[in-house]
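First up is the structure itself, then whatever we jot down about it.
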Amino acid sequence: MTTVNRQITLAARPVGFPKASDFALVETPMPTQEAGQFLVRVVYLSVDPYMRGRMSDAPSYAAPVAIGGVMGGGTVGRVVSSQHADFQPGDFVEGMFGWQEYALSDGKMVRKVDPLAAPLETNLSVLGLTGLTAYFGLLDICDPKPDETVVVSGAAGAVGSIVGQIAKIKGCRVVGIAGSDMKVDYLTNELNFDAAFNYKTVTQYEDELKKLCPKGIDVYFDNVGGAITDAVFRRINPMARVSICGQISQYNLAKPEAGPRLLSILLMRQAKAHGFLVFQFAARYDEARAQLAEWVRSGKIKHREEFINGLPNAPRAFLHMLAGGNLGKQLVKISEP
Ligand code: NAP
Ligand code: FER
């Protein structure tokens, strides 16, 4: 076995949109396992928008990655060797092992996964935090009812594509907003969305929403913020529910964007906007995962993963996702299962 562990570290705090030189590929000695620990070989790494926040030292719910520190991230991997009673060599596990080829673990916050129950990579997509975010952010925050109109931004991405399909299962009219014609085709032709539009070619968002949502908007699942969200707010119905899941249009801005002040719309339409972090639902992950797995098995939810190979390409995969290059969930394949 190799004696070297490769890692991606944070080389510099990004200014604006991150770049390859904000990361470094380093080689370190393989860590030494002690009693109560096991060694994991990482197989798949998830790249996620929240990682942009971890690269910055702005105040947050979680500590930033230190300069020179290993980038954190969700992974699935395989146990190589173990001095931990609950984990045996060959076991597949999901945990926050980060942007590296090998990691030591004490088993805390690690979930064993069954590679025969579902494809391994789905533990980072529809059956992982991505799917759980969609599930709780839509169902708990918005309580969508049959025949209501649901708008999803970031609709062709990992979370958004699952949100729209859950809303269809609940009998809603679903309208997606995404950044390319190919994504719009995918949403309407493959995922059964009722309508979708490309925010990069449509210029009058409000007019487009008026056309595609003739009965107004009852539920808005917001992944992006900014001008798209401003337009949706203007079209919400009385008693609408808005789930603030993400604001990716703002993550790379050096200072917050000035926008119209639209909270009076919430007031006048007696609407609710609710921010959430998926972790607040941790006690109910198993229940949600079982439901998501059933929807996947019965063909009611389709999911898509895209892979970029090799740890050295992890920064490229992350930048590709931030720029909208992904359809569905962006993963990095670090090693063979
Ligand atoms: P994703 O949607 O698979 O990938 C990010 C997508 O964002 C890109 O594909 C791109 O698609 C879009 N995007 C990038 N810049 C944009 C901009 N300026 N305006 C509009 N869209 C832009 O990522 P994800 O993992 O599913 O995350 C989606 C959102 O959920 C993110 O905001 C993330 O922070 C949030 N999230 C929140 C939680 C939570 O606990 N609250 C958990 C997970 C994720 P286009 O081609 O459409 O531009
Ligand atoms: C995310 C975006 C932002 C996310 C968490 C945050 C878990 C929180 C950021 C902060 O508190 O600084 O996608 O996912």
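Considering only alpha-carbon pairs that sit under 8 angstrom and 6 or more positions apart, the relative contact order computed for the chain is 18 percent. Taken per residue, the accessible surface of segment 1-51 reaches 46 Å², heavy atoms only and a 1.4 Å probe. Remark: C-alpha extents of segment 259-337 on the principal axes read 54, 35, 25 Å, sorted largest to smallest. On the principal axes of its alpha carbon atoms, the chain extends 62, 44, 33 Å, with the longest extent given first.
Cross-link partners for Lys302 among the aspartates and glutamates, with Cα-Cα distance under 12 Å and sequence neighbours closer than 8 places in the same chain left out: Glu190, Glu294.
Rg and Dmax of segment 82-135, based on Cα coordinates, read 12.1, 36 Å. Positive-end ranking of Ser153, Thr203, Gln165 along the dipole of segment 118-238, with charges on Cβ about the Cα centre, is headed by Thr203. Think of segment 218-337 as having a plus end and a minus end, set by charges on the Cβ of Lys, Arg, Asp and Glu; of Phe307, Asn326, Pro337, Asn326 sits farthest toward the positive end of this dipole. Sequentially through segment 106-120, phi angles give Karplus couplings (6.51, -1.76, 1.60; θ = phi - 60°) of 9, x, 6, 6, 10, 10, 6, 10, 9, x, 8, 6, 7, x, 3 Hz, Gly and Pro residues having no value and appearing as x. When Ser249, Ser56, Ser161, Ser21 are compared by accessible area at a 1.4 angstrom probe, the order from most to least is Ser21, Ser249, Ser56, Ser161. Accessible area per residue for segment 137-221, computed on protein heavy atoms with a 1.4 Å probe, is 38 Å². Ordering Ile248, Ile308 by accessible surface, largest first, gives Ile248, Ile308; the 1.4 Å probe counts only protein heavy atoms, with every chain in place. Just the protein heavy atoms count here, and of the accessible area of the chain at 1.4 Å, carbon and sulfur take up 54 percent. Secondary structure note: in the chain, about 55% of the DSSP beta bridges are antiparallel. Rounded to the nearest 20 debye, the dipole size of segment 113-191 about its Cα centre is 140 debye, using +1 on the Cβ of Lys and Arg and -1 on the Cβ of Asp and Glu. Measuring nothing but how far apart in sequence close Cα pairs (under 8 Å, 6+ apart) lie, relative to its length, segment 126-207 scores a relative contact order of 25 percent.
Net charge dipole, the chain: roughly 660 debye, given to the nearest 20, about the Cα centre with Cβ charges of +1 for Lys and Arg and -1 for Asp and Glu. Note that segment 77-119 presents 52 Å² accessible area per residue, ligands and nucleic acids not counted, probe 1.4 Å. Only the Cβ atoms of Lys and Arg (+1) and of Asp and Glu (-1) were treated as charged; on that basis the dipole of segment 94-253 about its Cα centre amounts to roughly 320 debye. Ordering Ser46, Ser60, Ala24 by the projection of their Cα atoms onto the charge dipole of segment 19-78, which places +1 on the Cβ of Lys and Arg and -1 on the Cβ of Asp and Glu, puts Ser46 at the extreme positive end. Straight-line reach from Lys215: taking Cα to Cα under 16 Å and skipping same-chain neighbours fewer than 8 places apart, the lysines in range are Lys145. Taken along the Cα-to-beta-carbon direction at a fixed 7 Å, the label points for Leu277 and Gln33 span 3.2 nm.
What separates the Cα centres of segment 32-74 and segment 118-161 is a distance of 24 Å. Reported to the nearest whole Å, the Cα centre-to-centre distance from segment 288-337 to segment 204-235 is 27. For segment 200-337, what percent of Cα pairs sit more than 17 Å apart? So the pairs more than 17 Å apart make up 73 percent of the total in segment 200-337.
The values are calculated or read from the model by the stated rules, or taken from the named source; none is laboratory data. Keep in mind the model is a prediction, meaning the values are calculated, not measured. Every residue, glycine among them, receives a Cβ derived from its backbone with ideal geometry; neighbour counts consider all protein chains shown. All accessible areas refer to the heavy atoms of the entire protein, side chains included, with ligands and DNA or RNA removed. Shrake-Rupley method; radii C 1.70, N 1.55, O 1.52, S 1.80 Å.
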